[in-house]
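Asks: Would you mind keeping the following structure in view while I ask a few things?
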Amino acid sequence: MRVGIYPGSFDPITLGHLDIIKRSSKMVDKLIIAVLNNSAKKAMFSADERVALIRETVKDIPNVSVEQFEGLTVDFARKVGANVMFRGLRAVTDFEYEIQIAQTNHAIAPDIDTLFLTTSVKYSFLSSSIVKEISMYKESVEQFVPECVAEALIKKFK
Ligand code: ADP
């Protein structure tokens, strides 16, 4: 069985992330979305909230599940028996950062490969940070995020 993980902060999940989830889930038997619970990084949504929002978003995709983890991504991948990690690439600006992580991961865990998917052009400008910024000014983000996330953002900034 081919198991893949899609790791990230997902603070919060956007339609860009969902696009990568839908496409990568077709390449493996089982896809686990791995939500990084990093106490050093200040997130707007707690790890539990991020997991709940993703679960709601992917509830109709049968081979996708959501878990949170702490520590090294490759350790989590090994724990769940994954041999591939998916990452999304939006622009060249992502590339430098992503290649550094991928090569480090490959050095410590050569049995796990990183697979990059280029984003759909319509989501190439989209990031969790931009969505949070727009929401902060009470502007609608419905076209950028799943419905449950748009509602959660409205509540956060009330
Ligand atoms: P990080 O893991 O660096 O904290 P995120 O949680 O925002 O970043 O994103 C997780 C993964 O999804 C990364 O590989 C990132 O490049 C990718 N990603 C983020 N936004 C988009 C988007 N709009 N389209 C496609 N991929 C994206």
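Asks: Among the numbered criteria (1) at pLDDT below 95; (2) within 12 Å of the ligand (Cβ to nearest atom); (3) of a type outside the set (S, T, Y), which one does F116 miss?
Replies: The single condition F116 does not satisfy is (1).
Asks: Could you run through segment 54-63 and say how many residues are out of contact with any His (no Cβ under 9 Å at 6 or more places or on another chain) and open to solvent by less than 20 Å² (accessible area, probe 1.4 Å)?
Replies: Selection size over segment 54-63: 1.
Asks: State which residue is nearest to A82 (Cα to Cα) when the search covers only segment 1-52 and only residues that are of a type in the set (S, T, Y) and within 12 Å of the ligand (Cβ to nearest atom).
Replies: Among those that are of a type in the set (S, T, Y) and within 12 Å of the ligand (Cβ to nearest atom), it is Y6.
Asks: Return a yes/no flag: does segment 140-156 have any residue that is among the aromatic types (F, W, Y) and either open to solvent by 90 Å² or more (accessible area, probe 1.4 Å) or part of a strand (DSSP E or B) (or both).
Replies: No, segment 140-156 contains no residue that is among the aromatic types (F, W, Y) and either open to solvent by 90 Å² or more (accessible area, probe 1.4 Å) or part of a strand (DSSP E or B) (or both).
Asks: Right, something else. Can you spot a residue in segment 88-101 that is in contact with a Lys or Arg (Cβ under 8 Å, 6 or more places away or on another chain), more than 10 Å from the ligand (Cβ to nearest atom) and either over 20 Å from A43 (Cβ atoms) or at pLDDT 95 or above (or both)?
Replies: no
Asks: V92 - would you say it is over 14 Å from the mean Cα position of the chain (by Cα) and either over 20 Å from C148 (Cβ atoms) or open to solvent by less than 60 Å² (accessible area, probe 1.4 Å) (or both)?
Replies: Judged against the criteria, V92 is a match.
Asks: For I61, indicate whether it is under 25 Å from L153 (Cβ atoms) and touching a residue at least 24 places away in the same chain (Cβ under 8 Å).
Replies: Here the answer is yes, as I61 does meet what is asked.
Asks: Hey, another quick one. If we keep just the residues of segment 1-57 that are basic (K, R) and in contact (Cβ under 8 Å) with a residue 40 or more places away in the chain, which is farthest from L126 (Cα to Cα)?
Replies: Only one residue tops the list, namely R2.
The values are calculated or read from the model by the stated rules, or taken from the named source; none is laboratory data. Quantities reported herein were computed from a predicted structural model and do not represent experimental measurements. Every residue, glycine as well, gets a Cβ built from its backbone with ideal geometry; the counts of neighbours run over all protein chains shown. Please note that ligands, DNA and RNA were not included when accessible areas were found on the heavy atoms of the full protein model with its side chains. Shrake-Rupley method; radii C 1.70, N 1.55, O 1.52, S 1.80 Å.
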